[in-house]
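As structure tokens, the structure follows; a few thoughts come after it.
The values are calculated or read from the model by the stated rules, or taken from the named source; none is laboratory data. Predicted, not measured: the structure shown is a model, and the values here were computed from it. FYI the Cβ positions are ideal-geometry reconstructions off the backbone, even for glycines, and counts take in every protein chain you see. The area values use the complete protein model at the heavy-atom level, side chains included, leaving out ligands, DNA and RNA. Shrake-Rupley method; radii C 1.70, N 1.55, O 1.52, S 1.80 Å.
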Amino acid sequence: MCALLLAPAVAAVGPTTAHASPGADWLTTDGNQIVDSTGNPVWLTGTNWFGFNTSERVFHGLWSANITEVTRSMAERGMNIIRVPISTELLLEWRAGQAAPASGVNTFANPELEGMTTLEVFDYFLELCQTYGLKVMLDVHSAEADNSGHIAPLWYKGSITPEDFFSTWEWVAERYKDNDTLLAYDLQNEPHGQPGEPRAKWDDSTDVDNWKHAAETAAERILAINPDALILVEGIEVYPKEGQTWDSPRVNAQNEGNYYNYWWGGNLRGVRDHPVQVSAHQEQIMYSPHDYGPLVHEQPWFRGEFDKESLTRDVWGPNWLYLHDEGVSPLLMGEWGGRLGQDPRQDKWMFALRDLMIEKRIHHTFWVLNPNSGDTGGLLLDDWATWDEEKYAMLEPALWQHDGKFVGLDRQVPLGGHGSTTGISLGQYLGEATTDPAPTDPVPTDPPTEPEPTDPPTDPGPTDPGTTDTELTVRYRDASSSPTSGSINPVLDVVNSGTKTVDLSTVTVRYWFTRDGGPSSFTTWCDWAAVGCADLDLRVVTLPTPVTGADAYLEVSFTAGTLAPGASTGDLQLRIHKSDWSPFDQSDDHSRAAGPGMGANAHITAYDAGALVWGSPPA
């Protein structure tokens with residue numbers, strides 16, 4: 001992360017080698033997928049929680065928040081993996097037996113941490129994660145234990161040497177080689193730097209500042225100790241353009257740039273020319289870019305018009321997405337996120353990236369849980385207890401779910417712990433266990449507000465339309481990436497085009513579509529709504545007899561609110577997907593209209609007290 005953290009006042013993968021015992025939770029790669037020990041694809045979706053990388057040397061927030069409650073809350077809300085930043089300096093202290101008392105912990109709020117060192121707090125966190133079905137990825141975020149340590153471009157600095165970097169990773173691998181709760185190692189956060197400065201490069205040399213060589217060295221030494229660890233390699237910042245070398249100046253004689261510039265850690269162009277190679281267990285190597293929006297830095301691609309298609313084609317594709325699309329490696333977006341509602345471009349970028357990761361099943365850890373991340377904010381508000389519900393609603397569709405439950409990566413423990421009402425275990429997802437066999441813990445709190453997918457009700461057929469003097473118009477745009485995709489993404493706006501105030505609690509809107517085979521159960525989402533997602537009810541209804549362009553509809557109703565003449569609800573960003581995420585073909589759907597921009601759509605119908613007041617249903 002390139003923001004100040006605020007303290008308080010791959011190569012082509014060969015055949016998969018199964019070296020983990022069946023039933024273990026270790027993961028490996030197969031093409032562009034991460035799979036479990038028996039070859040089943042999984043989806044890593046989680047968040048970051050920083051603090052061990054800073055001068056406090058322990059999770060931030062424990063000065064007021066309880067570690068058990070925070071950990072359980074992350075699991076209950078669907079995070080199945082937590083990326084934990086740390087520093088090489090702290091690992092050196094731990095290895096030397098010099099773990100300091102956890103002075104950044106309020107033991108009144110955390111009586112379970114009384115008397116613990118920073119290492120003991122970390123190990124206690126791993127135990128909590130095991131209890132709640134979470135997995136952990138460790139990330140060396142900086143060489144030094146410093147709140148701004150990530151600004152240093154390389155994995156060594158001052159008294160922290162390259163050998164310290166390698167040997168402390170070996171110590172981690174040895175200490176936790178039998179603990180599959182800690183199953184992934186993100187070798188180094190955001191190697192970066194510009195030409196003419198200390199900078200990370202990527203080529204086939206053995207130069208000390210060659211990040212590719214350093215990553216290979218670290219991976220070889222880790223895998224020699226624990227061949228089951230999943231190794232994540234981030235990118236760099238710049239890469240020479242065609243015909244240029246690492247000795248080229250920043251610009252040529254025509255003042256044109258000689259390098260491709262990107263986010264710190266996000267530039268993986270070098271993998272095409274120089275993939276990371278290890279002598280054994282190549283299938284444990286994968287890549288991890290970072291990506292941010294204009295509120296973090298005003299990149300050139302944000303200065304003009306852009307959308308998901310242009311970002312995919314011009315920005316994400318050449319820098320990292322090609323590795324997924326060409327089947328070279330899985331990708332885990334180690335950091336993405338930011339503030340909502342402050343810049344329309346920021347929101348557009350964030351929803352576009354989220355949608356891309358959903359469509360392509362790209363693994364990710366959202367930045368960040370902490371509210372004290374300077375230029376992004378967090379999933380938690382400043383009290384470290386209350387969730388930012390708007391931001392969580394944006395993230396929630398990108399968390400792994402099945403039949404209305406969040407899916408964990410532990411084969412035995414449901415996500416959220418035994419007795420969870422919001423999550424299931426990997427074993428339950430795979431059908432190895434149909435129920436949670438363990439004793440029931442107290443019922444978790446804060447379950448997701450979205451309904452579980454169920455067999456949709458059947459439309460009872462036409463009724464007396466009645467009469468009303470209400471006049472409504474439904475405006476629409478399509479937020480799907482293509483007619484064929486794993487979700488339908490209508491954005492609606494209901495306008496009062498009449499002369500009287502409308503009571504929204506009597507209004508319903510229907511978006512008509514075809515199910516296109518697959519399961520009969522659906523999940524519906526409100527990603528964002530100007531009137532608030534909490535004031536919307538969504539359901540999918542099937543037609544008893546299919547008609548041209550529809551065999552089902554999404555019905556939207558309102559629990560409260562009024563519309564004055566000329567007023568509108570504002571955007572209602574909605575989503576439908578099947579329980580198995582099989583694709584829809586929307587090209588013949590009655591309500592879908594191709595083309596950019598918001599406009600009136602008479603193929604979406606609106607009703608007031610059951611009377612049709614806008615649009616034409618399919619016949």
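Pick out the one residue from Leu62, Leu90 that is assigned by the TED database to the domain that holds Asp203, outside any loop (DSSP other than H, G, I, E, B), at pLDDT 95 or above and open to solvent by less than 30 Å² (accessible area, probe 1.4 Å). Answer to the check: Leu90.
Scanning segment 278-332 for residues that are in contact with a Lys or Arg (Cβ under 8 Å, 6 or more places away or on another chain), within 20 Å of Thr376 (Cβ to Cβ) and not in a loop (DSSP other than H, G, I, E, B) gives a single hit, Phe302.
Among the residues of segment 43-52, is there at least one that is touching a strand residue (DSSP E or B) at 6+ places or on another chain (Cβ under 9 Å) and open to solvent by 20 Å² or more (accessible area, probe 1.4 Å)? No, that holds for no residue. Every listed requirement among (1) at positive phi; (2) at pLDDT below 90 is met by Gly549 save one, (2).
Of the candidates Ser248, Ser329, the single residue that is over 18 Å from the mean Cα position of the chain (by Cα) and modelled with pLDDT of 95 or more is Ser248. Here Ser288 qualifies as open to solvent by less than 30 Å² (accessible area, probe 1.4 Å), among the hydroxyl-bearing types (Ser, Thr, Tyr) and under 24 Å from Ser142 (Cβ atoms). Per the listing Ile67, Ile81, the residue uniquely buried (at least 24 other Cβ atoms within 10 Å of the Cβ) and at negative phi is Ile81. Taking every residue in segment 117-136 that is assigned by the TED database to the domain that holds Asp180 and of a type in the set (Lys, Arg) and pairing it with any residue that is in a helix (DSSP H, G or I) and surrounded by 20 or more Cβ atoms within 10 Å (Cβ to Cβ), at least 6 positions away or on another chain, the pairs with Cβ-Cβ distances below 8 Å are Lys135/Cys129.
Within the option set Arg95, Arg57, Arg72, being within 19 Å of Asp383 (Cβ to Cβ), in contact with a helix residue (DSSP H, G or I) (Cβ under 8 Å, 6 or more places away or on another chain) and among the charged types (D, E, K, R) holds for one residue only, Arg72.
Sort out for me the strands (runs of 3 or more DSSP E) sitting completely within segment 557-619 that have 3 or more residues that are under 14 Å from Phe513 (Cα atoms). Give the steps one after another, and end with the answer.
Details: elements: 572-578, 605-608, 611-614.
Passing ranges, in order: 572-578.
Checking each residue in segment 205-228 for being surrounded by 17 or more Cβ atoms within 10 Å (Cβ to Cβ), touching a helix residue (DSSP H, G or I) at 6+ places or on another chain (Cβ under 6 Å) and part of a loop (DSSP other than H, G, I, E, B) picks out only Asn226. Within segment 242-277, the residues that satisfy the criterion of being under 20 Å from Val315 (Cα atoms), open to solvent by less than 40 Å² (accessible area, probe 1.4 Å), among the hydrophobic types (A, V, I, L, M, F, W, C) and in a loop (DSSP other than H, G, I, E, B) are Trp263, Leu268.
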